[in-house]
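Everything on this sheet refers to the single structure shown next.
The values are calculated or read from the model by the stated rules, or taken from the named source; none is laboratory data. Here the structure is a predicted model, which is why all the values come from computation and not from measurement. When we count neighbours, we look across all protein chains shown, and the Cβ atoms used for this are built from the backbone with ideal geometry, even at glycine.
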Amino acid sequence: MVDTIDSRPKGAVGEAAMKVLDSKLTRQMAVNMHACVHCGQCFESCHYYLATRDPKVTPAYKAEQLRKLYKRRHDWLGQLAPGWVHATQPTDEQIAALYEAAFGNCTMCRRCNLSCPMGLDMALMMRTARWMLTSQGLIPPGLKATIDTHLATGNNMGITREEFLETVDWLQEELQKELDDPDFRISVDRPGTEFLICLNPREVKFYPLLFMAQFKTCYAAGLDVGLSSAYWDATNYGLFSGDDAACKQIVTKTIDEAVRLGAKTLILTECGHGYRVYRWEAPGWYGKPMPVNVISYIELAAEQIRRGRIKVDKKRNTERVTYHDPCNQARSGGIIDEPRYILSKVVMDFQDMEPHGENNFCCGGGGGALTMSEFRDRRLAAAKVKADQIVATDAKIVATSCHNCIDQLSEIGKHYKLGVKVMNLCELVANAIVLPPKAVTVAVQEIGERPVAVDADGFIEDTSLWSPEAAVFLARRQGFGDVLERLTPDQWRVVDFTRAYYGRFGVPPMRETVCAELQLSKRQFGTLFPGTLKTLYRTAGLSREVVHKVAAE
Amino acid sequence: MALRDFGGQELEIDEDGFIQDPGQWNQTVATVLAQDEEVPELTDEHWKVVNMIREYYLKFGIAPMVRKVCKDTGKDLKQIYALFPSGPAKGACKIAGLPKPTGCV
């Protein structure tokens with residue numbers, strides 16, 4: 001049952017909510033309460049207003065619902081002549097209006113902050129208002145359930161440790177196949193893990209391909225990454241309810257876990273508010289100097305591509321892509337250049353939407369709006385602004401890096417019939433990654449050497465005894481030193497081709513054939529197998545008779 | 001909350017279209033919900049997934065991990081996403097009559 005102001009005894013909430021406001025009156029909040037000059041600059045910055053033209057959803061009007069209460073209590077003029085300055089007692093009607101403004105008509109995206117000549121922080125006001133209400137039990141039930149689940153189970157979807165570990169095991173197997181590396185491991189709870197990855201529970205529960213994409217990136221970059229099986233959730237919905245105690249409890253457990261495992265860096269998955277929480281807000285809640293660095297997966301991927309640690313091929317993503325900046329990551333987090341750098345490297349055709357970066361419009365799913373089904377119609381109506389932005393780019397794919405944005409963008413696509421595909425940035429990265437032939441090299445190096453009987457010219461006597469191990473022996477003993485000490489993947493390609501060719505045609509391939517088929521220059525061939533063609537034929541286990549017959553012809 | 005007609009039976013749904021009382025679910029309800037989730041027709045393959053999710057929910061009171069869905073139905077991830085374009089949470093779980101999951105969904 002939804003807890004509303006109407007279900008309470010009359011007047012029971014107001015005074016208690018005001019006491020919460022009193023306790024949150026920092027200097028910054030007081031400035032926010034006093035300094036609005038009603039200039040109206042914020043109107044056009046708000047997606048709710050632009051989509052509806054309803055004056056009751058302008059930032060100034062929404063903030064006024066809180067200011068009215070403040071003035072009546074703390075401002076001398078508000079006490080002396082309340083009607084003159086629109087000061088109001090915390091009546092049930094006013095508390096209901098505050099609920100509408102803070103939960104129903106604002107995603108705390110902070111876009112209006114940029115247009116405010118007084119530099120007021122709308123999100124700070126609305127978050128304070130949300131906590132005044134939440135502390136009295138007035139909170140959208142979906143938002144409450146998400147926070148309660150996180151506090152009770154350690155993650156916001158109630159995934160048990162057993163389920164988590166089972167999924168990790170499964171994805172490890174899937175990645176071993178995808179990476180073609182049977183030795184690939186996802187380490188869990190390993191002391192000394194350098195980078196600890198925090199995931200969004202939805203990646204673990206419903207969207208493991210995103211989980212895999214991020215581990216593939218780290219694998220390609222050769223990073224020492226791992227997971228905690230206890231506190232691995234990147235989200236923190238206390239940011240949306242204004243509940244600092246919940247925020248503190250959640251970040252403390254995660255950071256302490258990182259310390260316990262000796263991690264140096266937390267990598268935050270593609271999670272808009274999660275990044276903001278851990279990178280920018282957590283130091284305040286943690287209460288001690290941050291013992292770990294915090295970076296986003298996006299920063300990590302950009303850095304690894306820039307340093308050449310990850311090879312990418314943009315030809316694998318050919319369709320036009322646009323990028324939606326999650327508000328908490330871009331405007332409130334500063335991650336603006338990195339996704340664009342990544343996209344310039346992993347897709348062929350990128351088109352930014354306008355405006356973008358710190359000026360980007362909220363998708364409408366911010367502030368925990370996705371959990372508040374009761375405001376769905378408003379959420380989608382306000383998203384008209386975003387839909388228009390997307391259409392103008394003519395993109396086929398909308399990429400973003402936040403799970404709330406992803407779902408909202410998918411709903412926008414459906415609601416406004418945009419015909420676009422919505423993807424996480426990490427999916428595009430993973431798709432473009434060209435893995436180094438490291439896995440193959442490891443496998444080859446493990447091939448031991450097995451001596452076989454050879455004739456005076458170094459050819460194998462009994463061709464049926466040839467094996468990869470024998471090839472290593474046959475190659476090394478020819479006296480070319482390091483070049484044939486260990487066979488490289490390129491040399492194996494030539495050997496395999498030679499044997500296959502002989503098997504099919506009964507004669508060994510000539511140098512020109514090998515070069516043409518394997519796209520090698522003569523110089524490259526000479527580097528792989530120095531000396532005469534016999535160097536290759538000996539290694540490939542052809543008999544002296546066959547080779548000499550060719551030579552005679 | 002609103003009421004929605006499911007082939008003669010009126011059920012309460014939330015604004016995201018999830019039915020509120022999983023006990024009222026039946027095949028007709030699933031068929032109607034499927035229309036909203038880009039599943040024009042529920043094939044045997046769809047039913048296999050939907051029934052598994054529903055049975056799991058009735059037993060444990062929570063949506064199964066997609067790992068469990070894959071394991072118990074013998075399908076891989078790509079098949080699940082292909083069957084339910086709006087995903088396992090908003091697609092398959094909704095059609096199976098589960099309430100909206102917590103978290104970023």
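Filter segment A:160-185 for residues that are more than 14 Å from every other protein chain (Cβ to nearest Cβ) and not polar (S, T, N, Q); which is surrounded by the most Cβ atoms within 10 Å (Cβ to Cβ)? Spell out the reasoning first.
Going through segment A:160-185, the residues more than 14 Å from every other protein chain (Cβ to nearest Cβ) turn out to be A:176, A:179-185.
Those still in the list that are not polar (S, T, N, Q) too: A:179-185.
Working: A:Leu179: 19, A:Asp180: 13, A:Asp181: 17, A:Pro182: 11, A:Asp183: 9, A:Phe184: 17, A:Arg185: 12.
Among those that are more than 14 Å from every other protein chain (Cβ to nearest Cβ) and not polar (S, T, N, Q), it is A:Leu179.
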Exactly one of (1) of a type outside the set (S, T, N, Q); (2) within 14 Å of the chain's Cα centre (by Cα); (3) within 12 Å of another protein chain (Cβ to nearest Cβ) is unmet by B:Leu33. Its number?
(3)
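Looking at segment A:396-408, can you tell me whether even one residue there is surrounded by fewer than 21 Cβ atoms within 10 Å (Cβ to Cβ), among the polar types (S, T, N, Q) and not in a loop (DSSP other than H, G, I, E, B)?
Of segment A:396-408, the ones surrounded by fewer than 21 Cβ atoms within 10 Å (Cβ to Cβ) are A:396-397.
Checking which are among the polar types (S, T, N, Q) leaves us with none.
Looking through segment A:396-408, none of the residues is surrounded by fewer than 21 Cβ atoms within 10 Å (Cβ to Cβ), among the polar types (S, T, N, Q) and not in a loop (DSSP other than H, G, I, E, B).
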How about segment B:87-105: which of its residues are facing chain A (nearest Cβ under 7 Å) and farther than 23 Å from A:Gly154 by Cα?
B:Gly87
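Can you tell me which of B:Gly103, B:Gly97, B:Gly91 is crowded, with 19+ Cβ neighbours inside 10 Å and in contact with a strand residue (DSSP E or B) (Cβ under 7 Å, 6 or more places away or on another chain)? Even if it seems obvious, please write down each step before you answer.
On the way: B:Gly103 fails: in contact with a strand residue (DSSP E or B) (Cβ under 7 Å, 6 or more places away or on another chain); B:Gly91 fails: in contact with a strand residue (DSSP E or B) (Cβ under 7 Å, 6 or more places away or on another chain).
After ruling out the rest, the residue left standing is B:Gly97.
Can you list the helices (runs of 4 or more DSSP H) found entirely within segment A:115-214 that contain at least 2 residues being among the aliphatic types (A, V, I, L, M)?
Values: elements: A:122-134, A:141-153, A:161-179, A:201-205.
Output list reads A:122-134, A:141-153, A:161-179.
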Collect the residues in segment A:219-257 that are without any contact (Cβ under 8 Å) to a residue 60 or more places away in the chain, under 14 Å from A:Ala282 (Cα atoms) and crowded, with 17+ Cβ neighbours inside 10 Å, keeping them in residue-number order.
A:Ala234, A:Cys247, A:Lys248, A:Val251, A:Thr254, A:Ile255
Of the conditions (1) of a type in the set (Lys, Arg); (2) crowded, with 19+ Cβ neighbours inside 10 Å; (3) free of Cβ contacts under 8 Å to residues at least 40 places away in the same chain, the single one that A:Lys216 does not satisfy is (3)
For A:His150: the one exception among (1) within 22 Å of B:Ala63 (Cα to Cα); (2) more than 9 Å from chain B (Cβ to nearest Cβ):
(2)
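When you scan segment B:6-13, do you find a residue that is within 21 Å of A:Leu209 (Cβ to Cβ), surrounded by fewer than 17 Cβ atoms within 10 Å (Cβ to Cβ) and either within 15 Å of the chain's Cα centre (by Cα) or away from every other protein chain (no Cβ under 14 Å) (or both), even just one?
First pass over segment B:6-13, keeping only residues within 21 Å of A:Leu209 (Cβ to Cβ): none.
No: zero hits.
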Residues satisfying the stated conditions in segment B:51-86, i.e. within 8 Å of chain A (Cβ to nearest Cβ), in a loop (DSSP other than H, G, I, E, B) and either crowded, with 22+ Cβ neighbours inside 10 Å or not hydrophobic (A, V, I, L, M, F, W, C) (or both):
B:Ala63, B:Met65, B:Ser86
Does A:Pro291 satisfy the criteria of being modelled with pLDDT of 95 or more, in contact with a strand residue (DSSP E or B) (Cβ under 9 Å, 6 or more places away or on another chain) and not hydrophobic (A, V, I, L, M, F, W, C)?
no
From the options A:Arg27, A:Arg67, residue that is over 32 Å from the mean Cα position of the chain (by Cα), buried (at least 16 other Cβ atoms within 10 Å of the Cβ) and among the basic types (Lys, Arg)
A:Arg67
Among the residues of segment B:19-30, write down those that are within 14 Å of chain A (Cβ to nearest Cβ) and surrounded by fewer than 19 Cβ atoms within 10 Å (Cβ to Cβ).
B:Gln20, B:Asp21
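To keep it simple, each residue is scored yes or no on (1) buried (at least 21 other Cβ atoms within 10 Å of the Cβ); (2) closer than 19 Å to A:Thr371 by Cα; (3) under 29 Å from the mean Cα position of the chain (by Cα).
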| residue | (1), (2), (3) |
| --- | --- |
| A:His86 | no, no, no |
| A:Glu93 | no, no, no |
| A:Cys106 | yes, yes, yes |
| A:Cys112 | yes, no, yes |
| A:Pro117 | no, no, no |
| A:Leu120 | yes, no, no |
| A:Arg127 | yes, yes, yes |
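Inside segment A:258-372, counting only helices (runs of 4 or more DSSP H) that do not spill past its ends, which hold 3 or more residues that are surrounded by 17 or more Cβ atoms within 10 Å (Cβ to Cβ) and more than 16 Å from the chain's Cα centre (by Cα)?
On the way: elements: A:272-275, A:282-286, A:297-306, A:337-346.
Once the helices (runs of 4 or more DSSP H) in segment A:258-372 are filtered for at least 3 residues that are surrounded by 17 or more Cβ atoms within 10 Å (Cβ to Cβ) and more than 16 Å from the chain's Cα centre (by Cα), what remains is A:282-286.
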In the list A:Glu512, A:Glu545, which residue meets the criterion of being loosely packed, with under 13 Cβ neighbours inside 10 Å, within 21 Å of A:Phe473 (Cα to Cα) and free of Cβ contacts under 8 Å to residues at least 24 places away in the same chain?
A:Glu545
